[in-house]
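The structure appears right after this line, and notes come after that.
The values are calculated or read from the model by the stated rules, or taken from the named source; none is laboratory data. Nothing here was measured: the structure is a model prediction, and the numbers come from that model. Note: ideal-geometry Cβ built from the backbone for every residue, glycine included; neighbour counts use all protein chains shown.
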């Protein structure tokens, strides 16, 4: 399942714990949602809209390479950074610039990539952001524990040593345009149509895609925003959960992505990666730089 499904699973588990505290024989209702495909949310769009999203799914050239070392991936690390200013403080800081919290988080991520990895100057560099397709369903709570995640692209040019606010404005323009046109639906339609090949055909095509990606060695830097985890659904009786974090699956060359989210107004970034193929603690330095960029912006805005 995706991050949204995992959040739902955690909520169900904590609901069971609370129920067991009151009644040792308590059980949760069986989840009867049997449809695990993305088609269940694509029904919100007409056939014409879905075909249009498929036919207009843009091609994005991979222009970025994470400098992975050769060798066998191993020594897996699960790293985390918390951001000093809370969600509320960042929201207030962004209002003056007409930007939302997500755009501020994206800006910190993008600027860290520009500062610490080799990126082309003055050329639009495509980034991906995870999209929860549940946004298109009229009753998201009815959806089962499944993968309803997709991707959307936005592009930003590396303009050199420019202020945070300049990058933020560029991301605001690019990201707003991306989010205004049914983000994630185009790729979801690609997956739906490719699935007609059947499991064996789909897996054969996927193995080919993986082999080509490894040979090319280029990828899109990606950020997945898991969003807010509601503390109310995680407390059990008088026990108050103080900390909750999500880590994504361990990524392997040539992929690279960071997960972000918040709990009790505290923002965090996490990465799961194989240290054996990462040079000079680069992933840790990227996380440090993301935090520094966002905290510096918050201080200047305050």
- Taking the options 298, 232, 244, name whichever one is within 30 Å of residue 92 (Cβ to Cβ), part of a loop (DSSP other than H, G, I, E, B) and modelled with pLDDT under 95. 244
- So, first residue within 23 Å of residue 187 (Cβ to Cβ) in segment 14-41, second residue part of a helix (DSSP H, G or I) and at pLDDT 90 or above, Cβ within less than 7 Å, six or more apart or across chains; the pairs are 38/133; 38/188; 41/133; 41/134; 41/136
- Note on the structure: When every residue in segment 88-100 that is at negative phi and either buried (at least 18 other Cβ atoms within 10 Å of the Cβ) or assigned to a loop (DSSP other than H, G, I, E, B) (or both) is compared, the one farthest from the chain's Cα centre (by Cα) is 96
- Selection from segment 48-73 of residues that are under 23 Å from the mean Cα position of the chain (by Cα) and under 30 Å from residue 282 (Cβ atoms): 58, 59, 60, 61, 62, 63, 64, 65, 66, 67, 68, 73
- Query: Can you tell me which residues in segment 163-189 are assigned to a loop (DSSP other than H, G, I, E, B) and surrounded by 13 or more Cβ atoms within 10 Å (Cβ to Cβ)?
  - Reply: 182, 183, 184
- Note on the structure: Just one listed residue, out of 143, 148, is touching a strand residue (DSSP E or B) at 6+ places or on another chain (Cβ under 8 Å), surrounded by 16 or more Cβ atoms within 10 Å (Cβ to Cβ) and under 27 Å from residue 42 (Cα atoms), and it is 148
- Message: Please verify whether residue 223 is within 22 Å of residue 129 (Cβ to Cβ) and assigned to a helix (DSSP H, G or I), treating the condition exactly as stated.
- Response: no
- Flagged in segment 230-253 as touching a helix residue (DSSP H, G or I) at 6+ places or on another chain (Cβ under 8 Å) and under 22 Å from residue 107 (Cα atoms), in numbering order, are 246, 248
- Item | segment 190-206 residues that are surrounded by 12 or more Cβ atoms within 10 Å (Cβ to Cβ), paired with ones that are not in a helix (DSSP H, G or I) (beta carbon under 7 Å, 6 or more apart) | 190/57; 191/38; 192/38
- Note on the structure: Scanning segment 42-71 residue by residue, those part of a loop (DSSP other than H, G, I, E, B) and farther than 26 Å from residue 222 by Cα turn out to be 43, 44, 45, 46
- Task: Name the single residue, out of those in segment 29-41 being surrounded by 11 or more Cβ atoms within 10 Å (Cβ to Cβ) and in a loop (DSSP other than H, G, I, E, B), that is modelled with the highest pLDDT.
- Result: 38
- Query: Considering segment 262-283 alone, what residues qualify as being in contact (Cβ under 8 Å) with a residue 40 or more places away in the chain, touching a helix residue (DSSP H, G or I) at 6+ places or on another chain (Cβ under 9 Å) and either closer than 28 Å to residue 75 by Cβ or assigned to a strand (DSSP E or B) (or both)?
  - Reply: 262, 266, 267, 269, 270, 271, 273, 275, 278, 282, 283
